[in-house]
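A short write-up of the structure that comes next.
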Amino acid sequence: MSLKILLASIVLINFIFIPHAYAYIDPNTGGFFFQTVAPFVYGLLGVIVVFWKRIVGFVKGLFRQKKDVKNSTKDT
């Protein structure tokens, strides 16, 4: 049996047989999480939309091959 299958089995068994936690999660926690994370995600998406052409140009510039300096200059 491979190590990946063994580890996956152990994790799966631990999630199936979870003991009682006796913990309390405040119902407003989800709302607080949404109110703090959602504006950040929407703001990030807005920045990406506004600067999309610059982002694409930057990424293309990273993978563009540099021209050989000796071949680009001509001796006259």
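Computed from the coordinates by the stated procedures, all read-outs in this text should not be read as laboratory data. A quick note: this is a predicted structure, and the numbers were derived from the prediction, not measured. Don't worry about glycine lacking a Cβ; one is built from the backbone with ideal geometry, like all the others, and counts go over all protein chains shown.
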Legend entry - Under DSSP loop assignment and at most 13 Cβ neighbours within 10 Å, longest chymotrypsin sites (Phe, Trp or Tyr not before Pro)-free interval of the chain: 25-50
Legend entry - Max mean-square fluctuation residue, GNM over the chain, Cα-Cα springs under 10 Å, options I16, I55, I25: I16
Legend entry - Total lysine pairs whose alpha carbons fall under 25 Å of each other in the chain (8 or more apart, or interchain): 4
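Which FRET efficiency value, to the nearest 0.05, is calculated for I48 and L6 with the Förster distance at 30 angstrom and r the Cβ-Cβ distance?
Working: r = 41 Å, r/R0 = 1.36.
Taking R0 as 30 Å, the efficiency between I48 and L6 is 0.15.
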Inset, instruction - List every DSSP H helix in the chain whose Cα atoms extend 15 Å or more along the helix's own long axis and whose mean Kyte-Doolittle hydropathy is at least 1.6. - result: 3-16
Legend entry - Label-to-label distance, nm, for residues given as I13 and K66 (7 Å Cα→Cβ offset): 5.6
Inset, instruction - Compute the distance in nm between two label points, each set 7 Å from the Cα along the Cα-to-Cβ direction, one at I55 and one at A21. - result: 3.3
Inset, instruction - Find me the longest stretch of the chain that has none of the exposed trypsin sites (Lys or Arg not before Pro), where exposed means in a DSSP loop (not H, G, I, E or B) with at most 15 other Cβ atoms within 10 Å. - result: 1-63
